[in-house]
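**Student:** Have a look at the structure that comes next, please.
Where a number appears in this text, it was derived from the coordinates with a stated rule and is not lab data. Bear in mind the structure is a predicted one, so any value in this text is a computation, not a measurement. Cβ: placed from backbone, ideal geometry, glycine included. Neighbour counts: every protein chain shown.
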Amino acid sequence: MKEPEMKLQLDELEAFVAVAQMGSFAAAAMHINLSQPAITRRVQKLESTLGVQLIVRTARPLHLTPIGREFFAKTKVILGDLEGSILGIREMAQRVTGEVTIGAVPTATSYFLPRVIAEYNRVYPKIRIRILDLSANDVLKAVKDGQAEFGINMVGGQEPDIEFDPLLDDPFVLVCRQDHALAQKREVRWTDIAPYRFTTVGLQSGNRIIMESALADLPGRPRWFYEVQHLTTSLGLVEEGLGVAAVPRMAVARRPNNLLVTRPLIDPVVTRVIGIITRSGGSLTRAAQAFHDLLKEHSSRQQD
């Protein structure tokens, strides 16, 4: 017996992707300039055609079913490829529309990512960029669920369904005021920090986990006096003269500050590896692939 023909409408796919990205029908309706009842009908028709439920509407905020998450990730690629094919005819460098969604740990968004975005904008001036600045675990989840096309992260290498492509090594450095005693040293040992009030991030942070693991067997290692949730908070405490902090170099590099200085931390040198994470077996839209390639090129130039 011949299988019944399945006809999926492009506007239904676009409506579903908008709802999945925005997290609500109302926000999706505003995003694509459509009434909420209209976008609801399109998603319902899509679910009816497929014969599966894609969105759990009883939860607040709504979320995708497992099938919905898988369909969302694939649909984004399909729509992106379609858009890329059409826009490629008009010359890729002058795209009329387009969008890239990137997940990134906050330390990458503070200076590294904006420099890459500036370069990307010069080549592709009309591609919109959505940045999900999240914790390491949430970036990982966003990539797994298809909310982000790829992520910039320090974790993911051990995940079976995630590919981790290293970008650069990012060592931890000491941050202190210029008038602090440790500012007189060219390099600072971790044990040198012990007499001073030390600021660190919470146990949920990937940066804290890396430091704790590397220093677990070090006698005389620093003990925290202030614990914060964000590195920017720790820098604020240091600026006020309330102690010192250890942060990834990426978090403070090239940031002008007349009060603070950084010094390499040694014995041991503690380094995290920043990389690009993508879903195993997945493919990127043309716009996302161009950004991915530029990230690789930019990080390679930095380390030359």
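**Student:** Determine, for Ser110, Ser48, Ser283, Ser234, the number of other Cβ atoms within 10 Å of each Cβ, and report the residues in order from fewest to most.
**Tutor:** On the way: Ser110 20, Ser48 10, Ser283 15, Ser234 25.
Ascending number of Cβ neighbours within 10 Å: Ser48, Ser283, Ser110, Ser234.
**Student:** Most mobile of Gly202, Gly156, Gly236 per a Gaussian network model of the chain (Cα springs, under 10 Å)?
**Tutor:** Residue with maximal mean-square fluctuation among Gly202, Gly156, Gly236: Gly236.
**Student:** Once you place label points 7 Å from the Cα toward the Cβ at Lys45 and Arg186, how far apart are they in nm?
**Tutor:** Between Lys45 and Arg186, the label points sit 7.2 nm apart.
**Student:** Under 5 Å between amide hydrogens, which residues at least 5 positions from Leu242 or on another chain qualify, with H placed 1.01 Å from N in the peptide plane?
**Tutor:** Those lying under 5 Å, H to H, from Leu242: there are none.
**Student:** Just to check, using Stokes-Einstein with a Kirkwood Rh over alpha carbon pairs, what's the diffusion coefficient of the range 1-71 at 37 °C and 0.692 mPa s in µm²/s?
**Tutor:** Working: Rh = 12.4 Å.
This corresponds to a translational diffusion coefficient of 264 µm²/s.
**Student:** Right, here's the next one. Restricting to Cα pairs below 8 Å that are 6+ residues apart, what does the relative contact order work out to for the chain? Please round to a whole percent. Each step should come with its number before you reach the end.
**Tutor:** Details: 494 pairs, mean separation 62.8, N = 304.
Relative contact order here is 21 percent.
**Student:** Sticking with this structure for a sec: Roughly what % of DSSP beta bridges within the range 173-246 run antiparallel, to the nearest 5? Mind showing how you got there, number by number?
**Tutor:** Values: 2 of 8 bridges.
So the antiparallel bridges amount to about 25 percent of the total.
**Student:** Could you calculate the contour length gain from Thr233 to Val52, that is, 0.36 nm times the residue separation minus the distance between their Cα atoms, to one decimal place in nm?
**Tutor:** Numbers: separation 181, 0.36 × 181 = 65.16 nm, distance 4.57 nm.
Once the chain is fully extended between Thr233 and Val52, it gains 60.6 nm.
**Student:** Continuing with this model, one more query. Taking semi-axes √(5λ) of the Cα gyration tensor in Å straight from the coordinates, which label in [x] 30, 23, 18; [y] 44, 21, 17; [z] 27, 25, 18 is the correct one?
**Tutor:** [y]
**Student:** Also, quick follow-up: Can you check what the net charge comes to around Asp170, using other residues whose Cβ is under 11 Å from the Cβ of Asp170 (Lys, Arg +1; Asp, Glu -1)?
**Tutor:** On the way: positive: Arg249, Arg272; negative: Asp169.
So the surrounding residues net to +1.
**Student:** Let me ask another. So for the pair Asp179, Leu294, with labels modelled 7 Å out along Cα→Cβ, what separation do we get in nm?
**Tutor:** Result: 4.3 nm between the two label points.
**Student:** If you don't mind, another one. Hey, rough spin-label estimate for Leu215 and Leu8, points 7 angstrom out along Cα→Cβ, what's it come to in nanometres?
**Tutor:** Here the modelled spin labels are 5.0 nm apart.
**Student:** Please report Thr262, Thr191, Thr107 as a ranked list, fewest other C-beta atoms within 10 angstrom at the top and most at the bottom.
**Tutor:** Details: Thr262 19, Thr191 14, Thr107 28.
Going from least to most buried by this count: Thr191, Thr262, Thr107.
**Student:** For Ala183, what charge total do you get from the other residues with a beta carbon under 9 Å from its beta carbon, if Lys and Arg give +1 and Asp and Glu give -1? The partial results should precede the final answer.
**Tutor:** Values: positive: Arg177, Lys185, Arg263; negative: Asp179.
In short, +2.
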